[in-house]
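Trainee: Quick one: the structure is below, questions incoming.
The values are calculated or read from the model by the stated rules, or taken from the named source; none is laboratory data. Everything quoted here is computed from the prediction, not taken from an experiment. Here Cβ is always computed from backbone atoms with ideal geometry, including for glycine, and neighbour counts include all displayed protein chains. The accessibility values were calculated without ligands, DNA or RNA, using every heavy atom of the protein model including side chains. Shrake-Rupley method; radii C 1.70, N 1.55, O 1.52, S 1.80 Å.
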Amino acid sequence: NGDGIGDLKGILSKLDYLNDGKPGGDDLGVTVLWLSPIFASPSDHGYDTTDYAKIHPDYGTKADLKALLDAAHQRGMRVMLDLVLNHCSREHPWFIAAGANKTSTYRDWFNWRPDNPGWTQPWGKGGVWHKHANGGYYYGLFWQGMPDLNLANEPTAAALEQIAKDWVVLGVDGYRLDAARYLIETGGGQGQADTAATHAFWRRLRKTLTGVKADVALVGEVWTA
């Protein structure tokens, strides 16, 4: 729309350049589009969402995404989204409610403790427990602005599973799974990465999503030797 920000309608307008769906020609022959985070977020990178069911207004609407999906599929192209389930924004209504009241339904959707045990990130840098204004500490692996979701809590896991399912039902062909190693912690240090519970959640999600779309693609962000 001329505001200098790439958006869904902009991608749609360039699809013929990427792949016009016809043999030969001078298109690029692109077969898969991977979109960086497009959900509502207060940041420019989008990895701290405030609403998993809403497209960031800078990028468009759910209807715009559906139009892009349909046009891409007509050309034999697939579309993947960047999905961030390890953490959300501290501005997400879930976290605001969890921090405001210890009896909130959403309290257990995050990890809390009364003190700071001194854990550092698995790669040996900053601390991961952050002081909350209302007392206590919450766990945020990457930084205080992105509190980790507690996927060991079944209502949390079920809600995130449903979110991933809903976008596949809309027509999304797969996901790049951000921070795939770090979903469920069992302790400090290496207890924060590659746990059995983390692997079990990904198997569960794969089973759910392949029940909707047999060939759904799941690509984990896994930086490890």
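Trainee: Does A158 meet the test of being modelled with pLDDT of 95 or more, out of contact with any helix residue (DSSP H, G or I) (no Cβ under 8 Å at 6 or more places or on another chain) and part of a helix (DSSP H, G or I)? Walk me through it before giving the result.
Mentor: Details: modelled with pLDDT of 95 or more: yes; out of contact with any helix residue (DSSP H, G or I) (no Cβ under 8 Å at 6 or more places or on another chain): yes; part of a helix (DSSP H, G or I): yes.
When the stated conditions are applied, A158 passes them.
Trainee: Oh, and also: Of everything in segment 132-143 that's closer than 21 Å to S43 by Cβ and in a strand (DSSP E or B), which residue is farthest from the chain's Cα centre (by Cα)?
Mentor: Start the filter on segment 132-143 by keeping residues that are closer than 21 Å to S43 by Cβ, which leaves 132-133, 138-143.
Next, only the ones that are in a strand (DSSP E or B) stay: 138-139.
On the way: Y138: 20, Y139: 17 Å.
Per the stated criteria, the residue is Y138.
Trainee: Among K9, K22, which is of a type in the set (K, R) and touching a Gly at 6+ places or on another chain (Cβ under 7 Å)?
Mentor: On the way: K22 fails: touching a Gly at 6+ places or on another chain (Cβ under 7 Å).
Testing whether each residue is of a type in the set (K, R) and touching a Gly at 6+ places or on another chain (Cβ under 7 Å) leaves just K9.
Trainee: What is the number of the single condition among (1) part of a loop (DSSP other than H, G, I, E, B); (2) over 12 Å from the mean Cα position of the chain (by Cα); (3) closer than 22 Å to G220 by Cα that P37 does not meet?
Mentor: It fails just one condition, (2).
Trainee: Something else: Tell me, please, whether a residue that is buried (at least 16 other Cβ atoms within 10 Å of the Cβ), within 19 Å of the chain's Cα centre (by Cα), of a type in the set (S, T, Y) and closer than 19 Å to G46 by Cβ can be found in segment 80-94.
Mentor: yes
Trainee: Also, quick follow-up: So F95 clears everything in (1) closer than 30 Å to N1 by Cα; (2) in a helix (DSSP H, G or I) except one condition, right? Which one?
Mentor: The one condition F95 does not meet is (1).
Trainee: Select from segment 106-135 the residues that are touching a residue at least 40 places away in the same chain (Cβ under 8 Å) and closer than 25 Å to Y52 by Cβ and write down the one among them that is most open to solvent (accessible area, probe 1.4 Å). Give the steps one after another, and end with the answer.
Mentor: Here is the first cut: in segment 106-135, the residues touching a residue at least 40 places away in the same chain (Cβ under 8 Å) are 108-111, 117-122, 128.
If we keep only those that are closer than 25 Å to Y52 by Cβ too, we end up with 108-111, 121, 128.
Details: D108: 95, W109: 24, F110: 7, N111: 34, Q121: 22, V128: 1 Å².
Among them, the one singled out is D108.
Trainee: Which condition number does Q190 fail, the rest of (1) open to solvent by 40 Å² or more (accessible area, probe 1.4 Å); (2) modelled with pLDDT of 95 or more being met?
Mentor: Condition (2) is where Q190 drops out.
Trainee: Here is a follow-up. Considering only segment 46-77, state which residues are touching a helix residue (DSSP H, G or I) at 6+ places or on another chain (Cβ under 7 Å), open to solvent by 10 Å² or more (accessible area, probe 1.4 Å), closer than 19 Å to N19 by Cα and not small (G, A, S).
Mentor: Selection gives D64, K66, R75.
Trainee: Of the residues in segment 17-45, how many are among the acidic types (D, E) and surrounded by 14 or more Cβ atoms within 10 Å (Cβ to Cβ)?
Mentor: Of the residues in segment 17-45, the ones among the acidic types (D, E) are 20, 26-27, 44.
Then keep just the ones that are surrounded by 14 or more Cβ atoms within 10 Å (Cβ to Cβ); that gives 20, 27.
Counting residues in segment 17-45 that are among the acidic types (D, E) and surrounded by 14 or more Cβ atoms within 10 Å (Cβ to Cβ) gives 2.
Trainee: Going by what's in this entry, would G76 be described as part of a loop (DSSP other than H, G, I, E, B) and closer than 29 Å to V216 by Cβ? Working first, answer last.
Mentor: Details: part of a loop (DSSP other than H, G, I, E, B): yes; closer than 29 Å to V216 by Cβ: yes.
So G76 passes the test.
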